[in-house]
Amino acid sequence: MPSSYHHEVPGGAAWSAPVRAGRLVTLTAQGADANAALLLFGADRLDRLNIPDTVKSQMSACVRPPMVLMSDRGLALARVVDSTLDWHDCLTGFGHDRHLRRFGPSSYAQHRNEWRRSARTGLVSELTKHGLGPADLHGCVNFFSKVAIADDPRASLTLVTGHAAAGDTVTLRTEQDVLVVLSTAPHPLSTADYAPAGVRVDVSPAPPADADDASAVFRAESARALEMTRRAQA
Amino acid sequence: MTAALDLVVAPGDGALITVPEGGRLRIVDLHGNQAVDTLLYDAADIDNRYSAFDTVREQGAVYLTTGSRLLSTALDELAVITDDTCGRHDTVGGACSQESNVIRYGEHTRHQHACRQTFLRYGAAKGIGQRQLGHNINFFMNVPVDAAGTLRFDDGLSAPGKHVELTASRDILVLISNCPQLNNPCNGWNPTAVQLIGWWA
Ligand SMILES: [Zn+2]
């Protein structure tokens, strides 16, 4: 019988975990303007989240329920089953060391475990533990962040402050054995003082998905991605 | 200056071009509304590759056009769009693959030719495999996004003879798939040839 657990990822940290198929993964913002930059790998650790395929197949410029997160190889990695927010950014990537420069230098020697590390640094550190590396970085979902798109000729982008508050959640249902890699560093477009909020992760067994579950009936494309994962596990 | 490269790429075919720092590569949409799926790599390190979402974020806008700095996954500038008679290009719609065709159009498209095969075929000579395929640019493709968060593939804004030009900021590899997609309007329902013209010493 699969069991549950939760883990608190502090702000500015990185974390990774294998999560089996058929689990609910709920992320809960622990403070205002939390950001969870999330990478996702499929069961073979080569196949990975493909944001362009995910957004074009479901005609959305952001991630929201009941979309299916799709992989390079056309499989469903997870469905977004629920969220208190209707917009999670997926067009602006994760932060680099350059985005932390405005706060001045930081190191372990100087700041001990409060030292400031970028999302990229944290994500690569986690990837390396699983035999992966910078080549495996890909477009992330920035859960809890909204980057608004202007209806202007270039589709200009602006990070919306105050989009997420403590207690906001998003829940994924894993459709195959995945590797979740996430960073709670500030969103790279943030201009706020350095005070990244933490994110709580809850993992628990998911009930079997019905054929008429919201993701399965969302769009024919979403249903086909789920069907291809079913075949891959047949 | 005589051209160092003058190559017509047939629909469904591709190319891997090395462009030295300062070199200019022009892509000409010979017949109009033809998506040219393009990836860039630092010639000295293929893992320092074009990053669509770093590029989009740093320019603060979704569409690419003249002046867009095409950045790598390490935030290095690989190239700059220095000329553009089309006006706007996509970098969030990705490339087609057999697998994404199945998702978008159904199982009957599984064995249709797709950009990912072309990328893998032409990239192999430089060690570019599945792990090295990041999210690409679609020159001449029109993928409008809006404030409501919708995204769609529209008929192209391009026309016969329109071109876009890149200037390399360092020695780069340009991996091109001249998209064979038949199931959406990105190629005007009829994939056609494009021309690559390069100027460098
Ligand atoms: Zn294509």
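The values are calculated or read from the model by the stated rules, or taken from the named source; none is laboratory data. None of the values given here were measured: they were computed from a predicted structure. So basically every Cβ, Gly included, is an ideal-geometry build from the backbone, and we count neighbours across all protein chains shown. For the accessible areas, the whole protein counts, side chains as well, though only heavy atoms, and no ligand, DNA or RNA atoms are used. Shrake-Rupley method; radii C 1.70, N 1.55, O 1.52, S 1.80 Å.
Does any residue of segment A:81-113 lose at least 50 Å² of accessible area with all protein chains in place compared with its chain alone, and if so which ones (probe 1.4 Å)?
A:L91, A:H96, A:R98
In Å², what does the accessible area per residue of segment A:11-232 work out to with a 1.4 Å probe? It would help to have the intermediate numbers written out before the result.
Details: 8200 Å² over 222 residues.
For segment A:11-232, the per-residue accessible area is 37 Å².
Over what distance in Å are the Cα centres of segment B:1-74 and segment A:12-66 separated?
28
Mind putting a number on the dipole of the protein assembly as shown about its Cα centre? Charges go on the C-beta only, +1 for Lys and Arg and -1 for Asp and Glu, and I need it in Debye to the nearest 20. Let's see the in-between values first.
Details: 39 positive and 47 negative charges, 119 e Å.
Taking the Cα centre of the protein assembly as shown as origin, the dipole is about 580 debye.
Mind checking A:43-53 for the average number of partner chain beta-carbons within 10 Å of each residue's beta-carbon?
Details: counts 0, 0, 0, 3, 2, 2, 0, 7, 5, 15, 10.
That works out to 4 on average.
Please report, in debye to the nearest 20, how large the charge dipole of segment A:86-234 is about its Cα centre when each Lys and Arg carries +1 at its beta carbon and each Asp and Glu carries -1 there.
On the way: 16 positive and 18 negative charges, 145 e Å.
For this selection, approximately 700 debye.
Near B:W199, within a Cβ-to-Cβ distance under 14 Å, what is the net charge of the other residues, with Lys and Arg +1 and Asp and Glu -1? Don't skip to the end; give the middle numbers.
Details: positive: B:R24, B:R26; negative: B:D6, B:E21, B:D83, B:E165.
Local charge sum for B:W199: -2.
Given A:G167, A:G122, A:L46, which one lies farthest toward the positive end of the charge dipole of segment A:11-232, if we put +1 on the Cβ of every Lys and Arg and -1 on the Cβ of every Asp and Glu?
After comparing all options, I get A:G122.
Once phi is turned into ³J(HN,Hα) by the Karplus curve 6.51 cos²θ - 1.76 cosθ + 1.60 with θ = phi - 60°, what whole-Hz value does each residue of segment B:147-157 show in order, with x for glycine and proline?
After applying 6.51 cos²θ - 1.76 cosθ + 1.60, I find 5, 7, x, 8, 9, 8, 9, 10, 3, x, 9 Hz.
What's the carbon and sulfur percent of chain B's accessible surface, probe 1.4 angstrom, rounded to a whole number? Spell out each step's value before the answer.
Details: 3300 of 6650 Å².
Using a 1.4 Å probe with all protein chains present, chain B comes out at 50 percent carbon and sulfur.
When Cβ neighbours within 10 Å are restricted to other protein chains, what is their mean count per residue of peptide A:147-155? Provide the component values of the computation, followed by the final result.
Values: counts 4, 2, 10, 6, 5, 3, 5, 9, 13.
The per-residue average across the peptide is 6.
Tell me, what is the percent relative contact order of segment A:11-232, built from C-alpha pairs under 8 Å that lie six or more residues apart? Walk me through the numbers before you get to the answer.
Numbers: 535 pairs, mean separation 92.9, N = 222.
So the answer I get is 42 percent.
In segment B:5-199, if the dipole is taken from +1 on Lys/Arg beta carbons and -1 on Asp/Glu beta carbons about the Cα centre, which of B:V164, B:A147, B:V102 is farthest to the positive end?
My answer, from the dipole projection, is B:V102.
Report the B-A buried area as the accessible area lost on both sides summed, probe 1.4 Å, in Å² to the nearest 100. Provide the component values of the computation, followed by the final result.
On the way: alone 8650 and 11230 Å², together 15930 Å².
So the buried area, both faces added, is about 3900 Å².
Dipole of chain A (Lys/Arg Cβ +1, Asp/Glu Cβ -1, origin at the Cα centre): which of A:S106, A:V63, A:T84 lies farthest to the positive side?
A:S106
Among A:59-71, A:19-31, A:36-48, what's the highest-first ranking by average C-beta atoms within 10 angstrom per residue? Please report the intermediate quantities before stating the final value.
Details: A:59-71: 23.6, A:19-31: 19.4, A:36-48: 22.0.
Put in order of decreasing packing, that is A:59-71, A:36-48, A:19-31.
Using protein chains only (no ligands, no nucleic acids) and a 1.4 Å probe, work out which residues of segment B:55-99 have their accessible area cut by at least 30 Å² relative to the chain alone.
Residues losing area: B:R57, B:G60, B:A61, B:V62, B:Y63, B:T73, B:L75, B:V92, B:E99.
Where nothing but the Cβ of Lys and Arg (+1) and of Asp and Glu (-1) is charged, how large is the charge dipole of chain B around its Cα centre, in debye to the nearest 20? Don't skip to the answer; put the middle values down first.
Details: 15 positive and 22 negative charges, 70 e Å.
I would put it at about 340 debye.
So what's the angle, to the nearest 10 degrees on a 0 to 90 scale, between helix A:220-232 and the longest Cα principal axis of chain A?
With both axes taken from Cα atoms, the answer is about 80 degrees.
Can you bin segment A:113-217 into rounded, prolate or oblate? Criterion: square roots of the alpha carbon gyration tensor eigenvalues sorted a ≥ b ≥ c, rounded for a/c under 1.5, prolate for a/b above b/c, oblate for the rest.
Details: a/c = 1.59, a/b = 1.16, b/c = 1.38.
It is oblate, given that a/c is not under 1.5 and a/b is not larger than b/c.
Give me a comma-separated list of calculated 3J(HN,Hα) values for segment B:63-70, in order, Karplus coefficients 6.51, -1.76, 1.60 applied at θ = phi - 60°, integers in Hz, x for any Gly or Pro.
8, 9, 7, 3, x, 5, 8, 8
Quick one: accessible area per residue over segment B:5-199, 1.4 Å probe, rounded to a whole number of Å²? Could you put the intermediate results ahead of the total?
Details: 6090 Å² over 195 residues.
Per residue, segment B:5-199 has 31 Å² of solvent-accessible surface.
Could you look at chain A and say what percent of its accessible area is carbon and sulfur, using a 1.4 Å probe and all protein chains? Before the final figure, lay out the partial values.
Working: 4830 of 9280 Å².
C and S fraction of accessible area: 52 percent.
Work out the mean other chain Cβ neighbour count within 10 Å for the residues of B:139-150 and drop it here as an integer.
Working: counts 0, 0, 0, 0, 5, 4, 10, 5, 7, 6, 13, 6.
Whole-number average of other-chain Cβ neighbours for B:139-150 is 5.
Can you list the residues, at least 5 places off or on another chain, whose amide H is less than 5 Å from the amide H of A:M70, using H built in the peptide plane?
Long-range HN contacts for A:M70: A:N50, A:T54, A:L77.
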